[in-house]
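Just so you know, all these numbers are worked out from the coordinates, no wet-lab data involved. All of these numbers come straight from a predicted model, not from anything done at the bench. Positions of Cβ are generated from backbone atoms using ideal geometry, with glycine treated the same way; all protein chains shown enter the neighbour counts.
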Amino acid sequence: MTTLAESAAKRLQATMRGPVVADAPLAPYTSFRIGGPAMLLATPAEREELKRALAFALAEGWPVHVLGGGSNTLVRDGGFRGLAIRLDAFRALERRDDAVAAGAGVRVSRLLAFCCRHGLAGLEILSGVPGTVGGAVWGNAGAWGGAVADVLASVELVTAAGEERTLPRDAIPFGYRASGLPTGSVVTLATFALTPDDAAAMRRRISGYLVRRNASQPVEFRSAGSIFKNPPGEYAGRLVERAGLRGTRIGNAMISAKHGNYIVNLGGARAADVLALVALARRRVREAAGVELELEIKVVGED
Ligand SMILES: Cc1cc2nc3c(=O)[nH]c(=O)nc-3n(C[C@H](O)[C@H](O)[C@H](O)COP(=O)(O)OP(=O)(O)OC[C@H]3O[C@@H](n4cnc5c(N)ncnc54)[C@H](O)[C@@H]3O)c2cc1C
């Protein structure tokens, strides 16, 4: 018997070349390696196919989730009852004078290597930040006091209604780990305004950031990066540590012993384990410091 997901996959597949898979496991597409399947997972081959996939979801009344590198995402154990979209085919990378245009599916590490080869500086702070250009723009990824918004020139996107738009940097209300881009829109390309520099000096900066990162973060475990946003003037990790939670374990998830703002998957953790640690950390920090921690990671799907 054909399931609802299988019949929907067939209908959407008939409109596009990129693969459409029913009941597709999402855990392999996340850095946590946690979570259930998506009812549909589509990988559009180009922008028109992306528009068709969005139109399909709109017509069927299905929620859409755009997966970048899944490195800031926790998929719940029950999976996602909707259409997940991967932008693997959006991998163009091009120098335009002193700017670089990068497709949303380009890995940040590849973008950095490209910038180094071309001696174009400005994005080195992102060294060691996993994920894609789309995810980095969407969440205004940053580190060491800088963020994507500092060097972004413009963004191309497709709205949930299927309209193509190009937004200059000044039209995007970036904030701390947020872009404020229109809800439901999909970033397809970003252009960064960079500064010519010596490639060797750039590589030295990149390695310096990596050394600092490896010394302070549990990079040896699967995680989704910082779980909570830093409250104004404070570090979420420090608050969690002061609440005595370093190394606390629920199931196979653990608040890192190395960094209080990381929850790590020790192997086979469930989303429910991670969310139980999140609830515990929030409660204990509220009690101990009177601070309400806000999630930085995106939680997707159903229990
Ligand atoms: C070890 C480790 C270290 C990390 N260190 C940092 C750090 O220093 N600084 C930092 O900021 N983050 C850090 N992170 C978190 C994460 O890497 C970043 O937030 C990253 O930018 C997320 O990109 P992604 O492609 O993986 O996004 P995903 O996790 O796939 O998606 C995140 C959000 O962006 C949306 N999204 C993704 N692509 C698009 C698109 N094309 N269009 C519209 N929406 C989109 C998703 O729907 C979701 O809401 C770290 C993570 C790990 C695992």
| request: May I ask you to list the trypsin sites (Lys or Arg not before Pro) in the range 39-113 that are in a DSSP loop and have at most 10 other Cβ atoms within 10 Å of their Cβ? | output: none
| said: Place a point 7 Å from Cα of A99 in the direction of its Cβ. Which residues in the range 149-171 have their backbone N less than 17 Å from it? | reply: 149-158, 165-171
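Please list, by residue number, every one of the GluC sites (Glu not before Pro) in the range 206-282 that is coil in DSSP and has at most 10 other beta-carbon atoms within 10 Å. If you can, show how the numbers build up before the last one.
On the way: sites: E220, E234, E241; in loops: E220, E234.
Hits after loop and neighbour filter: E220.
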| note | Phi angles of the range 138-154, converted by Karplus (6.51 cos²θ - 1.76 cosθ + 1.60, θ = phi - 60°) into ³J(HN,Hα) in whole Hz with x for Gly and Pro, give 4, x, 6, 4, x, 6, 6, x, x, 7, 3, 4, 5, 10, 5, 9, 6
| message | What lysines does K258 reach when the alpha-carbon gap must be under 30 Å and sequence neighbours fewer than 8 apart in one chain are set aside? | response | K229, K298
| field | Mean projected area in nm² (Cα convex hull; one quarter of hull surface) for the range 42-135 | value | 7.0
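With all pairs of different alpha carbon atoms counted, what Kirkwood hydrodynamic radius in Å does the range 4-86 show? Before the final figure, lay out the partial values.
Working: mean 1/r = 0.0799 Å⁻¹.
When all Cα pairs of the range 4-86 are included, the Kirkwood radius is 12.5 Å.
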| task | Apply the Karplus parameterisation 6.51 cos²θ - 1.76 cosθ + 1.60, with θ equal to phi minus 60°, to every residue of the range 201-213 and state each ³J(HN,Hα) to the nearest whole Hz, in sequence, with x for glycine and proline. | result | 5, 5, 4, 5, 5, 4, 5, x, 4, 5, 4, 4, 5
| In the range 1-76, which GluC sites (Glu not before Pro) fall in coil by DSSP and have 16 or fewer other Cβ atoms within 10 Å? | E46
| So what's the back-of-envelope 222 nm ellipticity for the chain, counting only DSSP H runs of four-plus at -39500 (n - 2.57) apiece and dividing by all residues, rounded to 500? | -8500 deg cm²/dmol
| For E292 and T195, what does the FRET efficiency come to when R0 = 51 Å and r is the distance between their Cβ atoms, rounded to the nearest 0.05? | 0.85
| note | For A38, other-chain or 5+-apart residues with amide H closer than 5 Å (H placed, Pro excluded) are A24, L26, F80
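Using the Kirkwood radius built from alpha carbon pairs, what does the Stokes-Einstein equation give as D for the chain at 4 °C and 1.567 mPa s, in µm² per second?
The calculation lands on 64 µm²/s.
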| field | Net charge contributed by nearby residues that have their C-beta within less than 11 Å of S185 (K/R +1, D/E -1) | value | -2
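Looking at the range 115-183, I'd like the Rg to Rh ratio, where Rg is from alpha-carbon atoms and Rh is Kirkwood's inverse mean 1/r. Working shown, then result.
Values: Rg = 12.7 Å, Rh = 12.9 Å.
Here Rg/Rh amounts to 0.98.
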| remark: Sorted by chain and number, the residues with a modelled amide H under 5 Å from that of A257, at a separation of 5 or more or across chains, are G247
| Just the projected area, averaged over all directions, of the convex hull on the alpha carbon atoms of the range 200-303: how many nm²? | 7.8
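Compute the convex hull volume of the Cα atoms of the range 93-215, divide it by the residue count, and report the result per residue in Å³ as a whole number.
Numbers: hull volume 11.6 nm³, N = 123.
Dividing the Cα hull volume of the range 93-215 by its residues yields 94 Å³.
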